[in-house]
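Chemist: Sharing a structure with you now.
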Amino acid sequence: MRAVLCGANGAMGRLIDGLLGEECVGRVSIDGENGVARTFEELGPVEADLVIDFSHHTAVGDVLAYAKSIHAGVVVGTTGHDPQEREQIFQAARQIPVFYAGNVSLGIAVLCRLAKEAAGYFPDADIEIVEVHHNRKVDAPSGTAWMLFNAVKEVRPQAVAHCGRAGEGKRTKEEIGIHALRLGNVVGIHEVHIHTGNQSLTLKHESGSRAMLAEGAVAAARFLEGKAPGLYDMESVLG
């Protein structure tokens with residue numbers, strides 16, 4: 001595998017770079033430190049199979065354009081994309097293989113699968129999602145929280161996301177509450193609470209370190225190598 005790493009000087013970028021070793025054939029970071037190219041133009045043409053992006057969601061258009069220009073797949077590791085950026089991702093997947101997930105952790109992929117299965121067993125239960133991250137995280141709710149919501153919505157098509165809870169008004173049957181906490185240096189905690197009134201079930205995943213995400217990103221890249229154009233996610237990796 002030959003990969004171009006975007007966001008190479010960031011915390012996640014450095015971890016991924018360490019795992020890739022000689023498989024990283026190009027590095028881009030907006031700060032230009034450590035001899036890393038500031039832009040794709042500055043990087044110049046390289047032969048690569050994949051672009052792994054852990055920069056910022058606003059850069060996704062440039063990342064996709066570059067990947068298409070060198071006929072490479074893309075692992076989108078950023079979150080918080082607006083509707084226009086998501087549409088760019090979906091359109092690019094018609095031409096190149098694109099991996100796009102709110103979280104690249106294998107454990108989170110399993111949690112999504114379990115949440116979907118449990119929601120199917122308890123069709124009338126109240127379900128609430130709680131996510132906790134460090135106090136520097138910009139987007140809320142997290143991309144992972146939305147992954148969990150969408151997993152449940154597959155078996156509850158009528159479900160409606162209710163982000164936070166304030167004011168007056170009863171909880172409706174269709175609601176799935178999503179709550180975001182920002183505390184210290186928490187890497188990531190995600191919980192799905194399922195309550196029937198007579199019993200409760202809590203599914204929880206806790207990230208020990210960001211190395212888990214770096215490992216997942218590299219695994220996603222290896223999975224994507226040689227794939228046909230299309231949109232792939234962690235469910236694709238799980239099989």
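What follows draws every value from the coordinates through simple rules; no lab data is involved. No experiment lies behind these values; they were computed from the predicted model shown. All Cβ positions, glycine included, derive from the backbone under ideal geometry; neighbour counts span all protein chains shown.
Chemist: Among Ile30, Ile194, rank each residue by its count of other Cβ atoms within 10 Å, from fewest to most, as a rough exposure measure.
Modeler: Ordered from fewest to most neighbouring Cβ atoms within 10 Å, Ile30, Ile194 come out as Ile30, Ile194.
Chemist: Considering only Cα-Cα distances, which of the following residue pairs are longer than 23 Å: Lys153/Lys227; Lys153/Lys173; Lys68/Lys116; Lys68/Lys227; Lys116/Lys227; Lys153/Lys204?
Modeler: The pairs that break the limit, which is 23 Å between Cα atoms, are Lys153/Lys227; Lys68/Lys116; Lys116/Lys227.
Chemist: Can you classify the chain as rounded, prolate or oblate using the Cα gyration tensor, where a ≥ b ≥ c are the square roots of its eigenvalues, rounded means a/c under 1.5, and otherwise it's prolate if a/b beats b/c and oblate if not?
Modeler: prolate
Chemist: Counting other C-beta atoms within 10 Å, which of Cys163, Cys6, Cys24, Cys112 has the fewest, and how do the rest follow?
Modeler: Listing Cys163, Cys6, Cys24, Cys112 from fewest to most nearby Cβ atoms yields Cys163, Cys24, Cys112, Cys6.
Chemist: Right, here's the next one. Rank these for me by crowding, Asp82, Asp49, Asp126, going from fewest to most other beta carbons within 10 Å.
Modeler: Ordered by Cβ neighbours within 10 Å, fewest first: Asp82, Asp126, Asp49.
Chemist: Let me ask something else. What shape does region 106-206 take by its C-alpha gyration tensor, where a ≥ b ≥ c are the square roots of the eigenvalues and a/c under 1.5 counts as rounded, a/b above b/c as prolate, and the rest as oblate?
Modeler: Verdict is oblate for region 106-206.
Chemist: While we're here: Rounded, prolate or oblate: which fits region 191-239, taking a ≥ b ≥ c as square roots of the Cα gyration tensor eigenvalues, rounded meaning a/c under 1.5, else prolate when a/b beats b/c?
Modeler: Here region 191-239 falls in the oblate category.
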